[in-house]
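The values are calculated or read from the model by the stated rules, or taken from the named source; none is laboratory data. Note that the structure is predicted; figures quoted are calculated from it, not measured. Cβ sites come from the backbone with ideal geometry, for glycine too, and all protein chains shown count toward neighbours. Heads up: the accessible areas ignore ligands, DNA and RNA and are worked out on the full protein's heavy atoms, side chains in. Shrake-Rupley method; radii C 1.70, N 1.55, O 1.52, S 1.80 Å.
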Amino acid sequence: MVAIEGLGRLLAEHPFFQDMKPDVRDIVVGCCANAHYRPGEFLFKEGGKADHFYLIRQGTVGVEVHVPGRPGVVVETIGEGDIIGWSWLVPPYVWSFDARAMDQVRAITIDGACLRPKLEANHELGYEMYKRFIPIMGRRIGEARLRIVELTTEPGRD
Amino acid sequence: MDGALLPRPAPADDPMVPRTFRIERRAAEVDGCFTLTLKATDGRPFAFQPGQFNMLYVFGVGEVAISVSGDCRDLNTLTHTIREVGTVTRAMAKLRVGDVIGVRGPFGRPWPIAEAYGNDILFVTGTVGLAPLRPLIYEVLNRREHFGKVVICYGSRGTHDILYEKQLHQWRGRFDLQVHVTVHSAPSGYRGRVGSVANLVKIARFDPDHTTAYVCRSETMTRPAVQALHDRGITSDRIYVTLERNMKCGVGFCGHCQMGPSFMCKDGPVYRYDTIEDIFTVREL
């Protein structure tokens, strides 16, 4: 019980859950766990089953693309106060990228397999979660597009 | 010979007549970029303010507008960092120490500095955009006591494209300066940040109500940079941007750099954002 209360407080402190009504947020707490990753440790790998997402409390996670026969390519870093992982929301619930701790990472993992039925059952919770995920997804897609524009319009040699 | 047919010496301050400068040093920067350190052949000092540009003339090839990237307190040295993108800059890249080029300038309105006294300072830039901002960074550091926090947010394509990398490391070592660097992509194991410059603005520590921001990015990337500043609460009247168009004469005669009612060569290239906000995204301009 103490652990659940502690997780509830950590959840409430994270920017992703700010301003969510406590009774709605409390539904999520039962699907949460604390996690710690050492530098270089994978949070998830491309092709794996996407049943979690992660609230980063401390440290930095690199989003990587696996390149056969070569070192992976880091395409984005996610830091404290941010979240990583939305494949758990979208069928077929499979990770599209690797995510690896770049330093000591403390996170709250949220079990998507546990949460998905709760979103179906409680539409207020579902709406609150989508309302928070969609702007993040939109911003990251927008930034990725702009980086493509910059790479293609600004001269340079790769 | 009829004296009337002899070429008359031009007045020393004629903005259309180049002065000659000798290349004292040539340094390779990131791929496709190089820095020329110039000295006037007549030994006279050259004064400029941060944000101003010169028309550099490769004899027999042509002229091109390039921002000054050195320290404005050093009146005897003129520094330009140049990226090879066209005929003139490619010819310039082939010049060697001892060669002479023509210089007209300085032109344009500089970055305002005194207006930001008492504020935190935020520099937002990417790739070679750091070059036109560097004189301002030098000057802000020269007048460090007048400002609160000073933050540099810089982004580049990759880990090998970080302009003035050594200098960024030196600046990062100062206790009175925050330096945030990001790259578009990096090999696995890279310890720095990967992502957009907008993300750096998001994490930088400053007081949004008392911050002046200076943005030097391509016109396309200036828009999201300004949006990121707005998202942090910095209003348009405290954001300065620098724009680039096809500057030819440098004195507002030819109209090549016209944007609406403004000639960038003389009314810019530095603008307070609220003064151009309405026309900035008008495509026909």
Residue ID - nearest to the other protein chains (Cβ to nearest Cβ), chosen from residues in the stretch B:158-167 that are open to solvent by 60 Å² or more (accessible area, probe 1.4 Å) and not in a loop (DSSP other than H, G, I, E, B):
B:165
Return yes when residue A:26 is of a type in the set (Asp, Glu), more than 14 Å from every other protein chain (Cβ to nearest Cβ), surrounded by 13 or more Cβ atoms within 10 Å (Cβ to Cβ) and farther than 25 Å from residue A:143 by Cα and no when it is not.
yes
Looking at this structure, is residue A:57 out of contact with any Phe, Trp or Tyr (no Cβ under 8 Å at 6 or more places or on another chain), more than 9 Å from chain B (Cβ to nearest Cβ), surrounded by 15 or more Cβ atoms within 10 Å (Cβ to Cβ) and charged (D, E, K, R)?
yes
For the stretch A:64-80, indicate whether the set of residues that are over 13 Å from residue A:100 (Cα atoms) and among the acidic types (Asp, Glu) is non-empty.
yes
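Please determine whether any residue of the stretch B:107-124 is charged (D, E, K, R) and in a strand (DSSP E or B). Working first, answer last.
Residues of the stretch B:107-124 charged (D, E, K, R): B:109, B:115, B:120.
From what's left, in a strand (DSSP E or B): B:109, B:120.
Scanning the stretch B:107-124 turns up at least one residue that is charged (D, E, K, R) and in a strand (DSSP E or B).
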Taking residue A:106, is it in contact (Cβ under 8 Å) with a residue 40 or more places away in the chain and either within 12 Å of chain B (Cβ to nearest Cβ) or closer than 18 Å to residue A:54 by Cα (or both)?
yes
Considering only residues that are over 14 Å from residue A:60 (Cα atoms) and at the interface with chain A (Cβ under 7 Å from one of its Cβ atoms), look in the stretch B:181-201 and name the one that is surrounded by the fewest Cβ atoms within 10 Å (Cβ to Cβ).
B:187
How many of the residues in the stretch B:82-105 are away from every other protein chain (no Cβ under 14 Å), open to solvent by less than 40 Å² (accessible area, probe 1.4 Å) and part of a strand (DSSP E or B)?
5
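Quick grid of which residues meet (1) among the charged types (D, E, K, R); (2) out of contact with any helix residue (DSSP H, G or I) (no Cβ under 7 Å at 6 or more places or on another chain); (3) farther than 18 Å from residue B:129 by Cα:
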position: B:170; (1), (2), (3): no, yes, yes
position: B:174; (1), (2), (3): yes, yes, yes
position: B:179; (1), (2), (3): no, no, no
position: B:182; (1), (2), (3): no, no, no
position: B:185; (1), (2), (3): no, yes, yes
position: B:188; (1), (2), (3): no, yes, yes
position: B:197; (1), (2), (3): no, no, no
position: B:200; (1), (2), (3): no, yes, no
position: B:204; (1), (2), (3): no, yes, yes
For residues in the stretch B:221-247 being under 23 Å from residue B:157 (Cβ atoms) and open to solvent by 50 Å² or more (accessible area, probe 1.4 Å), which is nearest to the chain's Cα centre (by Cα)?
B:244
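Starting from residues that are of a type in the set (D, E, K, R) and surrounded by fewer than 16 Cβ atoms within 10 Å (Cβ to Cβ), keep the ones in the stretch A:117-138 and report whichever is nearest to the other protein chains (Cβ to nearest Cβ).
So, considering only residues that are of a type in the set (D, E, K, R) and surrounded by fewer than 16 Cβ atoms within 10 Å (Cβ to Cβ), the one nearest to the other protein chains (Cβ to nearest Cβ) is A:131.
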List pairs: first residue in the stretch B:202-214 and more than 14 Å from chain A (Cβ to nearest Cβ), second residue assigned to a helix (DSSP H, G or I) anywhere in the structure, Cβ distance under 6 angstrom, at least six positions apart or on different chains.
B:212/B:116; B:212/B:238; B:213/B:229
Among the residues of the stretch A:44-54 satisfying the criterion of being more than 14 Å from residue B:188 (Cβ to Cβ) and among the charged types (D, E, K, R), which is surrounded by the most Cβ atoms within 10 Å (Cβ to Cβ)?
A:51
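In the stretch A:76-108, how many are surrounded by fewer than 18 Cβ atoms within 10 Å (Cβ to Cβ) and either assigned to a strand (DSSP E or B) or among the hydroxyl-bearing types (Ser, Thr, Tyr) (or both)?
Of the residues in the stretch A:76-108, 4 are surrounded by fewer than 18 Cβ atoms within 10 Å (Cβ to Cβ) and either assigned to a strand (DSSP E or B) or among the hydroxyl-bearing types (Ser, Thr, Tyr) (or both).
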If residue A:69 passes every condition in (1) free of Cβ contacts under 8 Å to residues at least 60 places away in the same chain; (2) more than 14 Å from every other protein chain (Cβ to nearest Cβ); (3) open to solvent by 20 Å² or more (accessible area, probe 1.4 Å); (4) among the small types (Gly, Ala, Ser) but one, which one does it miss?
(2)
State yes or no: is residue B:155 within 14 Å of chain A (Cβ to nearest Cβ) and either in a helix (DSSP H, G or I) or aromatic (Phe, Trp, Tyr) (or both)?
no
Keeping to the stretch A:47-75, report how many residues are assigned to a loop (DSSP other than H, G, I, E, B) and hydrophobic (A, V, I, L, M, F, W, C).
2
Does residue A:33 count as hydrophobic (A, V, I, L, M, F, W, C), open to solvent by 20 Å² or more (accessible area, probe 1.4 Å) and not in a helix (DSSP H, G or I)?
yes
Please verify whether residue B:215 is open to solvent by 30 Å² or more (accessible area, probe 1.4 Å) and either of a type in the set (Val, Ile, Thr) or touching a Gly at 6+ places or on another chain (Cβ under 8 Å) (or both), treating the condition exactly as stated.
no
Determine which single condition residue B:256 fails, assuming it passes every other condition in (1) surrounded by 23 or more Cβ atoms within 10 Å (Cβ to Cβ); (2) free of Cβ contacts under 8 Å to residues at least 60 places away in the same chain.
(1)
Testing residue B:129 on (1) assigned to a helix (DSSP H, G or I); (2) farther than 17 Å from residue B:81 by Cα, one condition comes back false. Which one is that?
(2)
